[in-house]
Amino acid sequence: MIEVKDLTKYYNKFLALDKISFKVSRGEIVGLLGPNGAGKTTTLRLLTGYLKPTSGSIKVKKYNIIDDYLKIKAIMGYLPESVPIYKNLMVYEYLSYVGAIRGIDKKNLLSKIKSVANRCQIKDILEKDIGDLSKGLLQRVGLASVLLHDPEVLILDEPTTGLDPNQILEIRDLIKEIGKKKTVILSSHILSEVEATCSRVIIINKGKIVADGTPSELKEKYLGKTIINLSLKKANFDQVKNCFQGIEEIIAINLIEEKDDTLDIELTLKNDIREKIYNIIKQRDWIILEFSKKKTSLEKIFKEITTEN
Amino acid sequence: MQRIFPICLKDLKDYFYSPIAYIIISIFILISGWFFFSTFFILNQASLRDFFELLPITMSFIVPAITMRSFSEEFSIGSYEILATFPVKLNDIIFGKFLALCCFIFFMLLPTLFFPISISFIGNLDWGPVICGYIGAFLLGISYASIGLFASSLTKNQINAFIIGSLICILLSLMDKLLLFMPESVVTFFNYLSSNFHFQNFSKGLFDIRDVIYFFSIIFIFLYATNISLSYRK
């Protein structure tokens with residue numbers, strides 16, 4: 001669907017993007033992740049044709065961004081950060097303006113506005129001034145305006161900044177819902193957001209792609225280790241240590257707490273061998289109080305690969 | 001081509017939904033009316049000479065005050081980013097905005113028809129020069145609008161856009177008056193560049209195609225410059 005090759009962008013002498021390449025296929029929700037100033041917005045602006053690349057190429061479907069920019073813009077919907085739309089107009093007026101400029105004919109326009117208003121739940125505010133809307137409603141009006149022409153590719157720059165937690169959840173659900181049928185690329189510096197909404201993550205730092213994959217792929221690749229929390233009754237640390245000694249997948253056994261006859265330990269494993277461990281414990285007469293795999297977050301990976309040097 | 005009209009319509013709505021449009025139109029009518037009627041009874045002539053005489057100067061301030069928003073505001077609130085990613089050509093955006101300004105100039109000149117109409121009741125008004133003068137006034141207005149549009153495409157600060165636009169307009173308006181001590185050949189050359197020189201032909205009732213060409217050249221040059229300035233932003 002989208003193919004980016006050796007994309008480079010200089011602002012005067014400042015190198016904002018350094019030869020990045022990636023592909024996005026239809027129906028993916030891709031999250032561009034990176035610290036502030038990493039080049040996320042620049043990448044999105046290049047994809048939408050708002051900026052011209054210094055070198056490199058962007059292809060959307062069969063179209064080239066330089067020669068067929070009108071065709072690409074026609075199948076794309078782009079919502080910049082903080083939804084800059086005209087404060088003087090009513091919501092309905094803005095949507096009809098966007099529809100007209102996108103070339104939707106008058107007969108279909110009304111029904112299209114109704115259907116996006118339903119989807120984004122802005123039916124009741126169609127006759128309000130945009131300037132009077134709250135941040136969350138504004139974001140929904142923005143989403144409605146980019147969905148109006150039924151785009152194949154949606155590009156959203158930090159779609160949840162400045163929203164309260166409830167609004168963030170609502171917008172995320174909306175994006176997921178949209179992503180079932182369309183290709184979505186969104187940028188964010190909030191990790192949990194990307195983890196919650198995206199099927200794939202591209203991490204950018206200082207204008208370069210430093211990681212690319214599904215959230216779980218990234219976790220495996222960059223953390224590699226599985227950490228297990230165990231809480232056992234009727235066991236003592238030495239016993240447990242002896243028991244697990246022979247297994248080569250275990251890198252470390254750490255004691256967290258030993259109180260009365262309960263024992264909390266942490267096992268660091270090369271890979272996930274929970275079954276094996278369970279079988280060993282089963283042979284003893286220890287009682288398992290807790291046996292859980294510690295969730296490793298993208299946060300750790302992100303921190304690791306963006307704070308190098 | 002059909003994408004021009006939604007842009008034009010949106011800009012017009014934007015102008016007339018905010019009080020600024022009405023304030024600017026009122027100021028325009030007040031200034032031109034005051035200058036006109038304050039000398040009208042002294043001269044005791046049923047003509048619009050004095051109204052047209054000062055028009056280039058008044059418009060040099062009034063027109064950039066309208067046009068300063070065109071692009072500057074879109075830049076500063078960021079909506080230009082959305083506008084530029086619609087499937088429209090850069091020229092369509094520029095023409096759409098220019099067309100909206102032309103409509104605005106038309107609506108601004110419309111109330112001033114009160115002057116000739118009221119004069120025609122008390123004196124014997126020759127309508128020929130009046131109609132010709134109004135055509136000239138409209139051409140002058142829209143050529144200043146193209147200058148203002150260009151100034152507005154340079155910066156996201158509306159005040160700067162106003163100052164730049166006004167300066168260029170004033171320079172064009174006063175050029176023929178600044179040339180008192182110049183040799184004859186230089187004067188003819190700069191006269192041709194002066195908007196006042198061409199506009200005064202209209203106000204005398206002289207309809208010369210060369211004057212029309214002059215105003216259209218100004219419009220073409222500044223709309224083209226706007227295109228360059230916007231392309232440069234990429």
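The values are calculated or read from the model by the stated rules, or taken from the named source; none is laboratory data. Nothing here was measured: the structure is a model prediction, and the numbers come from that model. Cβ sites come from the backbone with ideal geometry, for glycine too, and all protein chains shown count toward neighbours.
Is there a residue being away from every other protein chain (no Cβ under 14 Å), crowded, with 16+ Cβ neighbours inside 10 Å and not in a strand (DSSP E or B) anywhere in the range A:103-112? Within the range A:103-112, one or more residues are away from every other protein chain (no Cβ under 14 Å), crowded, with 16+ Cβ neighbours inside 10 Å and not in a strand (DSSP E or B).
So, restricting to helices (runs of 4 or more DSSP H) that lie completely within the range B:1-98, which ones have at least 1 residues that are modelled with pLDDT of 90 or more, more than 9 Å from chain A (Cβ to nearest Cβ) and buried (at least 19 other Cβ atoms within 10 Å of the Cβ)?
On the way: elements: B:4-17, B:19-43, B:49-67, B:72-77, B:79-84.
Passing ranges, in order: B:4-17, B:19-43, B:49-67, B:72-77.
Per-residue answers, yes or no, for (1) in contact (Cβ under 8 Å) with a residue 60 or more places away in the chain; (2) surrounded by 23 or more Cβ atoms within 10 Å (Cβ to Cβ):
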| residue | (1), (2) |
| --- | --- |
| A:143 | yes, yes |
| A:156 | yes, yes |
| A:162 | yes, no |
| A:168 | no, no |
| A:174 | no, no |
| A:184 | yes, yes |
| A:202 | yes, yes |
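Among the residues of the range A:20-51, just one is over 26 Å from residue A:182 (Cα atoms) and either among the hydroxyl-bearing types (Ser, Thr, Tyr) or free of Cβ contacts under 8 Å to residues at least 60 places away in the same chain (or both), namely A:37.
Looking at A:253, A:305, A:227, A:265, can you tell me which residue is assigned to a helix (DSSP H, G or I) and surrounded by 14 or more Cβ atoms within 10 Å (Cβ to Cβ)?
One residue alone meets the criteria, A:305.
Here residue A:157 meets each of (1) of a type in the set (D, E, K, R); (2) farther than 30 Å from residue A:192 by Cβ; (3) in contact with a strand residue (DSSP E or B) (Cβ under 9 Å, 6 or more places away or on another chain); (4) within 13 Å of chain B (Cβ to nearest Cβ) with one exception, condition (2). Residues of the range B:163-192 that are among the aromatic types (Phe, Trp, Tyr) and either farther than 20 Å from residue B:139 by Cα or in contact with a Leu (Cβ under 9 Å, 6 or more places away or on another chain) (or both): B:181, B:189, B:190. Any residue at all in the range A:119-130 that is among the charged types (D, E, K, R), within 14 Å of chain B (Cβ to nearest Cβ) and under 23 Å from residue B:92 (Cα atoms)? The answer is no; no qualifying residue exists.
In the range A:157-168 there is at least one residue that is within 13 Å of the chain's Cα centre (by Cα), modelled with pLDDT of 90 or more and closer than 21 Å to residue A:43 by Cβ.
A single member of B:110, B:125, B:180 is among the aliphatic types (A, V, I, L, M) and part of a helix (DSSP H, G or I), and it is B:110. Residues considered: A:300, A:234, A:259. Of these, the only one that is within 29 Å of residue A:196 (Cβ to Cβ) and either aliphatic (A, V, I, L, M) or out of contact with any Ser or Thr (no Cβ under 6 Å at 6 or more places or on another chain) (or both) is A:300.
Kindly indicate whether residue A:16 is among the hydrophobic types (A, V, I, L, M, F, W, C), within 14 Å of chain B (Cβ to nearest Cβ) and out of contact with any helix residue (DSSP H, G or I) (no Cβ under 6 Å at 6 or more places or on another chain). When the stated conditions are applied, residue A:16 does not pass them.
Would you call residue B:101 hydrophobic (A, V, I, L, M, F, W, C), within 11 Å of chain A (Cβ to nearest Cβ), in contact (Cβ under 8 Å) with a residue 24 or more places away in the chain and in contact with a Ser or Thr (Cβ under 7 Å, 6 or more places away or on another chain)? It is false that residue B:101 is hydrophobic (A, V, I, L, M, F, W, C), within 11 Å of chain A (Cβ to nearest Cβ), in contact (Cβ under 8 Å) with a residue 24 or more places away in the chain and in contact with a Ser or Thr (Cβ under 7 Å, 6 or more places away or on another chain). Taking the listed residues A:61, A:73, the one that is more than 30 Å from residue A:300 (Cβ to Cβ), at pLDDT 90 or above and in the same structural domain as residue A:214 (by TED's automatic domain parsing) is A:73, with no other qualifying.
If a residue has to be hydroxyl-bearing (Ser, Thr, Tyr), within 11 Å of chain B (Cβ to nearest Cβ) and in contact (Cβ under 8 Å) with a residue 24 or more places away in the chain to count, how many in the range A:86-102 make the cut? Show your work before the answer.
Taking the range A:86-102 first, the residues hydroxyl-bearing (Ser, Thr, Tyr) are A:86, A:92, A:94, A:96-97.
Those left that are additionally within 11 Å of chain B (Cβ to nearest Cβ): A:86, A:94, A:96-97.
Restricting the remaining residues to those that are in contact (Cβ under 8 Å) with a residue 24 or more places away in the chain gives A:86, A:94.
So the count comes out to 2.
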